[in-house]
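Right, one structure below, let's go through it.
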Amino acid sequence: MNLHDFDLEDERSISQLPFHKKIARKFYKNLLIPINDFTLKIYGSKFGIQGENKELMESWQTQNTLIIHPLSNFRTLWDLFMIFMLLVQMIFLPISLVMFNEKDNSNLTFTIFNLVTDAAFFFDIYINLRTGIAGVLQKQGSNKLVHDVVEIRSSYMKFWFWLDLISTIPFEVFAALGILMYKLLTGDVSDEN
């Protein structure tokens, strides 16, 4: 999809687009900064927001990759979704530890939910590697958003990546696989521990 096929700021061009380009336009637009009271306070004017969006779209073209603006609608919704997933895990994890035993099949739903949340947290790492960073260029006297993929990755890899990775790895899956491998290698296939 070439971003020059349509103007993301021009609402009149929507009716002339084919259906797949309308969907792509909505997707791209949700990765940009929306114009609302909060972003107007940060960027000062509609022109400041449009300028930042233009720089972001140009970085998509030059780097041939999508960078998500941290103030975009997509990022806001994603962060809310991840907060919801954390809250649900905080409630259901203690319940599952107390209520379910491993010989009972009633914990299948919880196991599937755990796998889905683990996948969501792994995808969150990917999203974080694609989200621009604000205020990193303080040393150069600039508060501009960093669009460069290499700088985003190196900044994220310094600390937050490792914390996210360690907290996302499903250790219970590896423990179960280790127990299974041990039982297979030793010939002990009984269910008794």
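The values are calculated or read from the model by the stated rules, or taken from the named source; none is laboratory data. Note that the coordinates shown come from a computational prediction; the quantities given were computed from them, not determined experimentally. Virtual Cβ from ideal backbone geometry, glycine too; neighbours counted across all protein chains shown. These area figures cover heavy atoms from the full protein model, side chains too; ligands, DNA and RNA do not enter into them. Shrake-Rupley method; radii C 1.70, N 1.55, O 1.52, S 1.80 Å.
Quick notes on this one:
- Only listed residue being closer than 16 Å to ALA134 by Cβ and open to solvent by less than 30 Å² (accessible area, probe 1.4 Å), chosen from THR76, THR65, THR39: THR39
- Screening segment 168-184 for residues that are within 24 Å of the chain's Cα centre (by Cα) and open to solvent by less than 90 Å² (accessible area, probe 1.4 Å) and picking the one that is nearest to LEU129 (Cα to Cα) gives THR168.
- Taken over segment 161-191, the criterion of being among the hydrophobic types (A, V, I, L, M, F, W, C) and at pLDDT 90 or above is satisfied by PHE161, TRP162, LEU163, LEU165, ILE166.
- Listed by first and then second residue, the pairs linking a residue in segment 107-126 that is farther than 16 Å from VAL88 by Cα to a residue that is exposed (fewer than 14 other Cβ atoms within 10 Å of the Cβ), with Cβ atoms under 7 Å apart and 6 or more places separating them unless they lie on different chains, are ILE125/LEU165.
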